Amino acid sequence: MKIGLIGYGCVGKGSYQILKEKYPSVIVDKVLVKDKTKERPSDLPITFDVEDIISNPEIDLVIEALDDAETAFIYALEILQQGKALVTANKKMVAENLPLLISTSREYGGRIFYEAAVCGSIPIIQNLNSYYRSEKIKSISGILNGSTNYILTLMYDEGISYKKALKEAQNKGFAESDPTLDVEGYDAANKLSILCYEAFGEYVAPDNITCSGITTITTATIELTKQENKKIKLIARGELQNGKLVTSVKPEIVAPGNPLYNIDNENNSVLIEGEYAGIQQLSGKGAGSLPTGLAVVGDVAKALSANKEPHVVTIHDL
Ligand code: HSE
């Protein structure tokens with residue numbers, strides 16, 4: 001099977017590296033890049049024309065690792081309409097268009113996989129799609145954005161300003177190229193939208209999620225909570241209240257003993273509360289090239305081994 005890779009930034013690079021190391025028999029036939037002047041490995045099979053991938057009959061699976069959600073959406077539709085498998089890490093694109101992406105994949109026999117769009121390395125989508133199918137999920141919540149968690153950790157541990165901490169998160173490659181998405185909570189809302197779709201079978205557009213970020217949190221506020229041995233975390237939550245799904249993203253104060261208290265730096269954590277199992281927690285690196293690349297490659301492996309499935313199976317198929 002030949003693969004096309006769209007985008008060779010943070011996630012694209014990590015995915016490419018892991019594919020080479022773990023699946024040497026999988027051929028990455030073309031890698032779409034934008035900047036013609038950038039230096040890249042001489043053996044990277046680059047192209048500047050997306051049609052070399054999308055319209056290439058030899059390529060059955062496309063990894064889409066673009067930063068820009070609008071362009072990613074245009075490509076995603078074309079890829080699915082060609083009946084190809086699409087593995088995407090673009091949470092904004094997926095969250096804003098999930099129903100259409102699923103229906104297009106079904107109509108044209110394409111398949112879509114988006115584990116890497118939610119919480120970096122944490123295998124939450126595949127767990128919701130398999131293990132938790134038998135569970136009655138009451139709520140899903142947690143820390144879904146690595147940059148804001150990293151910023152809050154630096155402010156708490158080192159007492160540095162919000163602005164300086166944001167710069168650090170950008171330097172580490174955790175933040176979006178438009179960091180407003182991180183710090184205003186929109187990135188977490190995108191991920192929550194996807195999680196709610198998988199957990200409850202209900203699509204809540206990210207715009208309809210009540211959202212507030214961390215931009216107004218000062219070192220003084222952090223210091224005050226620290227004196228009480230508490231921390232501030234940006235928490236996303238989707239929960240059934242009297243049968244109605246209620247969603248939010250907002251900073252909350254957590255005390256020791258709270259399962260999210262020790263989730264620091266760029267780590268993410270998801271709490272799944274179910275009727276049968278009670279509360280379960282999945283934690284791990286939520287951002288970064290290799291952790292997110294691992295999730296991409298996990299989806300590639302899934303797509304390759306489940307070649308016969310006509311489309312991604314969601315809770316709606318039950
Ligand atoms: N900017 C995102 C984050 C990257 O900080 O969580 C991973 O989705």
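Annotations for the structure displayed:
- Counting only heavy atoms of the protein chains and using a 1.4 Å probe, E51 has close to 70 Å² of accessible surface.
- Ranked order, C119, C211 - accessible area, probe 1.4 Å, largest first: C211, C119
- Restricting the stretch 15-109 to chymotrypsin sites (Phe, Trp or Tyr not before Pro) in coil, as DSSP defines it, with at most 12 other Cβ within 10 Å: F48
- All-pairs Cα distance distribution in the stretch 1-139, expressed in whole percent, bin size 10 Å: 11, 41, 35, 10, 2, 0
- For the stretch 210-264: rounded, prolate or oblate by the Cα gyration tensor [a/c cutoff 1.5]: oblate
- Dividing the radius of gyration of the alpha carbons in the stretch 165-318 by their Kirkwood radius gives 0.99 for Rg/Rh.
- Share of carbon and sulfur in the accessible heavy-atom surface of the stretch 22-106 [1.4 Å probe, %]: 50 percent
- Euclidean distance of C-alpha centroids, the stretch 145-203 and the stretch 114-143, integer Å: 18 Å
- The long axis of helix 69-81 is offset from the longest Cα principal axis of the chain by roughly 40 degrees.
- Our coupling estimate for the stretch 129-141, obtained by passing each phi through the Karplus curve with A = 6.51, B = -1.76, C = 1.60 and θ = phi - 60°, is 7, 10, 4, 7, 4, 8, 9, 9, 7, 9, 8, 9, 8 Hz, Gly and Pro reported as x.
- Distant-in-sequence amide H partners of V31 (H built 1.01 Å from N, under 5 Å): L5, I46, T47
- Cα gyration tensor category, rounded, prolate or oblate, for the chain with a/c compared to 1.5: oblate
- The C-alpha atoms of the chain define a longest principal axis, and helix 146-158 lies at about 40 degrees to it.
- Rounded to the nearest 20, the size of the Cβ-charge dipole of the stretch 68-150 about its Cα centre is 340 debye, with Lys and Arg at +1 and Asp and Glu at -1.
- List K22, K91, K226, ordered by accessible area with a 1.4 Å probe, largest first: K22, K226, K91
- Carbon plus sulfur fraction of accessible area for the stretch 129-239, probe 1.4 Å, in percent: 45 percent
- Positive-end residue, the stretch 50-170 charge dipole about Cα centroid, Cβ charges, pick of A165, M155, G83: M155
- Bridge type composition, the chain - antiparallel percent by DSSP, nearest 5: 60 percent
- Cross-link table K30/K302; K136/K191; K136/K226; K22/K233, entries beyond 26 Å C-alpha to C-alpha: K136/K226; K22/K233
- For the chain, built as a Gaussian network whose Cα springs stay under 10 Å, the top-fluctuating residue of T148, T292, T37: T37
- For the stretch 30-77, a simple Cβ point-charge model (Lys and Arg +1, Asp and Glu -1, everything else neutral) yields a dipole of about 180 debye relative to the Cα centre.
- Given +1 at the Cβ of Lys and Arg, -1 at the Cβ of Asp and Glu and no other charges, the dipole of the chain around its Cα centre is 540 debye to the nearest 20.
- K136 - accessible surface, heavy atoms, 1.4 Å probe, Å² rounded to 10: 100 Å²
- Computed with a 1.4 Å probe over protein heavy atoms only, the accessible surface of the stretch 49-192 comes to 36 Å² per residue.
- Couplings 3J(HN,Hα) of the stretch 212-224, computed from phi: 9, x, 10, 5, 9, 7, 9, 4, 5, 5, 4, 4, 4 Hz, in residue order, whole Hz [Karplus 6.51 cos²θ - 1.76 cosθ + 1.60, θ = phi - 60°; x for Gly and Pro].
The values are calculated or read from the model by the stated rules, or taken from the named source; none is laboratory data. Fair warning: this is a prediction, and the values are worked out from it, not measured in the lab. Methodologically, a virtual Cβ is constructed for each residue, glycine included, from the backbone with ideal geometry; neighbour enumeration extends over all protein chains shown. Side chains are part of the model used for accessible areas, which takes the heavy atoms of the whole protein and leaves out ligands, DNA and RNA. Shrake-Rupley method; radii C 1.70, N 1.55, O 1.52, S 1.80 Å.
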